[in-house]
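**Student:** Please find one structure pasted underneath; my questions will follow.
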Amino acid sequence: MSGVRQDGLPMQREAVRSRTVKTSQFQIVLVRAACCLAAVVLPGARPVLAADVEGRVLRVGLFAGDHSLARTGCWSFVEVQLRNKKAAVVEGQLRIEQTDRDGDVATFVQEVALAPMSEWRTYQVYFIPYEIDRARETMVRLFDRDDKLVPFEDAAGKEQSHLTCPGFILMSGDHLLVVDLTGLAKLPHVGLLDMQKTSKRDYVNSVVVRKMSPSDLPGHPQGLEAVDVITWDNADPSRVSPQQIAALVEWVHRGGRLLVTAGSNWQALAGSPLAEWMPVLIKGVTRRDEVQEFEDLVRNDLYKLRLARHYLKNPVTRCQMTLLPEAMPVPSGGRGDFPIVYRRFVGRGWITLIGGSLQELLPVPSSVVSA
């Protein structure tokens, strides 16, 4: 049998098979069309697209990188940068959720307004970390005015529901935090106080010393709440904004202790908003080969002799100062008509000014340090 009838028409069996094949092909086409339609219509099935807002975390607290540090129960902040790629304004809130001592979840917010097609803009979201919350990642989310979650585009161009903060050290409230603003390296005299140098890690009131650039000072006093003491040798506030200076002074008002020394950068200090809070007016500088008032602060007689010999060979740039009514000499019973160290109480804290750079007044060769 050829499978074809004598009149030329296909056999019935072949006709049924042909109709079945065509029906199956048609069903496959329908299924594919339905899948495409679902991908377009259903939100959960759409392909991942880049978000309109790019976001990245710059630092947690005062310090960046692997050395980020916060203090349990004290205000800290997450510094983030956002950029709007949308052709419309993006307004809303950045939010951080943290668990407090009672186990309640507290939400901390920062208002956000991003212009269309804007450049990167920096925000600091303030929050209070607690030891109870260390097991959780610290995350930052963005919500619009309708309280809807706004996704971020990360550095890889992928859409993310939140920004994850890098891990940070949560410092005990029993330690003292000293922040040195002097430069790229810690002021050696301050660094020697660090508990890792003194082998007093487990002691109450052990000192933790960290360095930081003055330009990284926060613009709100809450950002400095974790800090006990700030040292700034040969201070140059020219790169610090008035808002940062105001935050620094308010931190002193609330109990902070600020040590400032004036040397070759005296004009920048005298011309800054910080000058009105100093215990003296700085009129100029002079070079001296003896600084008896500073030597009197040294308790070790051998050290005092070495300093005197050092000054003869290396004169010190010393400030010429006019005392203000608020000025108190340090120590109060020191010799000389014009001590080199003065202090002024500001609110619950104080500002101490040394009229010369510590790097000149306290040289750091090994022979002197060992004394």
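The values are calculated or read from the model by the stated rules, or taken from the named source; none is laboratory data. Remember, predicted model here, so these are calculated numbers, not experimental data. Positions of Cβ are generated from backbone atoms using ideal geometry, with glycine treated the same way; all protein chains shown enter the neighbour counts. Heavy atoms of the whole protein, side chains included, go into the accessibility calculation; ligands, DNA and RNA do not. Shrake-Rupley method; radii C 1.70, N 1.55, O 1.52, S 1.80 Å.
**Student:** Residue by residue through the stretch 97-111, note down the ones that are among the aliphatic types (A, V, I, L, M) and modelled with pLDDT under 95. Reasoning before the result, please.
**Tutor:** To start, the set of residues in the stretch 97-111 that are among the aliphatic types (A, V, I, L, M) comprises 105-106, 109.
Those that are among the aliphatic types (A, V, I, L, M) and modelled with pLDDT under 95: Val105, Ala106.
**Student:** Restricting to the stretch 93-138, name every residue that is of a type in the set (Asp, Glu) and surrounded by fewer than 17 Cβ atoms within 10 Å (Cβ to Cβ).
**Tutor:** Taking the stretch 93-138 as the starting set, the residues that turn out to be of a type in the set (Asp, Glu) are 97, 100, 102, 104, 111, 119, 131, 133, 137.
If the condition is that a residue be of a type in the set (Asp, Glu) and surrounded by fewer than 17 Cβ atoms within 10 Å (Cβ to Cβ), then Glu97, Asp100, Asp102, Asp104, Glu111, Glu119, Glu131, Glu137 are the ones that fit.
**Student:** Okay, moving on. Answer yes if at least one residue in the stretch 56-79 is within 11 Å of Leu142 (Cβ to Cβ) and not acidic (Asp, Glu), and no otherwise.
**Tutor:** Looking through the stretch 56-79, none of the residues is within 11 Å of Leu142 (Cβ to Cβ) and not acidic (Asp, Glu).
**Student:** I've got another one for you. When only residues in the stretch 77-99 that are of a type outside the set (D, E, K, R) and in a loop (DSSP other than H, G, I, E, B) count, which is nearest to the chain's Cα centre (by Cα)?
**Tutor:** Once the filter is applied, the top-ranked residue is Val89.
**Student:** Of all the residues that make up the stretch 135-152, how many are among the hydrophobic types (A, V, I, L, M, F, W, C) and within 26 Å of Ile169 (Cβ to Cβ)?
**Tutor:** 4
**Student:** Let me ask something else about it. Look through the stretch 160-194, keep the residues that are at pLDDT 90 or above and surrounded by fewer than 13 Cβ atoms within 10 Å (Cβ to Cβ), and return whichever of them is nearest to Asp236 (Cα to Cα).
**Tutor:** Thr164
**Student:** Among the numbered criteria (1) out of contact with any helix residue (DSSP H, G or I) (no Cβ under 7 Å at 6 or more places or on another chain); (2) without any contact (Cβ under 8 Å) to a residue 40 or more places away in the chain, which one does Leu324 miss?
**Tutor:** The failed condition is (2).
**Student:** Output the residues belonging to the stretch 133-152 that are within 22 Å of the chain's Cα centre (by Cα) and either outside any loop (DSSP other than H, G, I, E, B) or not hydroxyl-bearing (Ser, Thr, Tyr) (or both).
**Tutor:** Asp133, Arg134, Ala135, Arg136, Glu137, Met139, Val140, Arg141, Leu142, Phe152
**Student:** What are the residues in the stretch 59-107 that are among the small types (Gly, Ala, Ser) and within 21 Å of Thr164 (Cβ to Cβ), if any?
**Tutor:** Listed by number, the residues that qualify are Gly61, Ala64, Gly65, Ser68, Ala70, Ser76, Gly92, Ala106.
**Student:** Right, another one. Which of the residues spanning the stretch 218-240 are closer than 19 Å to Gly183 by Cβ and open to solvent by 20 Å² or more (accessible area, probe 1.4 Å)?
**Tutor:** Val229, Asn234, Asp236, Ser238, Arg239
**Student:** Test Gly347 against the criterion of being within 17 Å of Val280 (Cβ to Cβ) and either among the aliphatic types (A, V, I, L, M) or modelled with pLDDT of 90 or more (or both), and give yes or no.
**Tutor:** Spelling it out, it is not the case that Gly347 is within 17 Å of Val280 (Cβ to Cβ) and either among the aliphatic types (A, V, I, L, M) or modelled with pLDDT of 90 or more (or both).
**Student:** Additional query: Inspect the stretch 284-307 for any residue being touching a Ser or Thr at 6+ places or on another chain (Cβ under 7 Å), in a strand (DSSP E or B), buried (at least 17 other Cβ atoms within 10 Å of the Cβ) and of a type in the set (A, V, I, L, M) and give the result as yes or no.
**Tutor:** Within the stretch 284-307 (the criterion being touching a Ser or Thr at 6+ places or on another chain (Cβ under 7 Å), in a strand (DSSP E or B), buried (at least 17 other Cβ atoms within 10 Å of the Cβ) and of a type in the set (A, V, I, L, M)), the answer is yes, since at least one residue qualifies.
**Student:** Continuing with this model, one more query. Restricting to the stretch 58-70, name every residue that is open to solvent by 20 Å² or more (accessible area, probe 1.4 Å) and either hydroxyl-bearing (Ser, Thr, Tyr) or at pLDDT below 90 (or both).
**Tutor:** Selection gives Ala64, Gly65, Asp66, His67.
**Student:** Restricted to the stretch 71-92, and to residues that are β-branched (Val, Ile, Thr) and either over 30 Å from Leu176 (Cβ atoms) or in contact with a helix residue (DSSP H, G or I) (Cβ under 8 Å, 6 or more places away or on another chain) (or both), which residue is least open to solvent (accessible area, probe 1.4 Å)?
**Tutor:** Val90
**Student:** Every residue in the stretch 308-328 that is open to solvent by less than 50 Å² (accessible area, probe 1.4 Å) and closer than 16 Å to Val260 by Cα, please.
**Tutor:** Thr317, Arg318, Cys319, Met321, Ala327
**Student:** Does Trp277 satisfy being over 23 Å from the mean Cα position of the chain (by Cα), of a type in the set (Phe, Trp, Tyr), at pLDDT 95 or above and under 15 Å from Arg348 (Cα atoms)? Reasoning before the result, please.
**Tutor:** On the way: over 23 Å from the mean Cα position of the chain (by Cα): yes; of a type in the set (Phe, Trp, Tyr): yes; at pLDDT 95 or above: yes; under 15 Å from Arg348 (Cα atoms): yes.
Answer is yes for this residue.
**Student:** Go through (1) out of contact with any Leu (no Cβ under 7 Å at 6 or more places or on another chain); (2) assigned to a strand (DSSP E or B); (3) within 27 Å of Met212 (Cα to Cα) and name the single condition Gly73 misses.
**Tutor:** If we test Gly73 against (1) out of contact with any Leu (no Cβ under 7 Å at 6 or more places or on another chain); (2) assigned to a strand (DSSP E or B); (3) within 27 Å of Met212 (Cα to Cα), just (2) comes out false.
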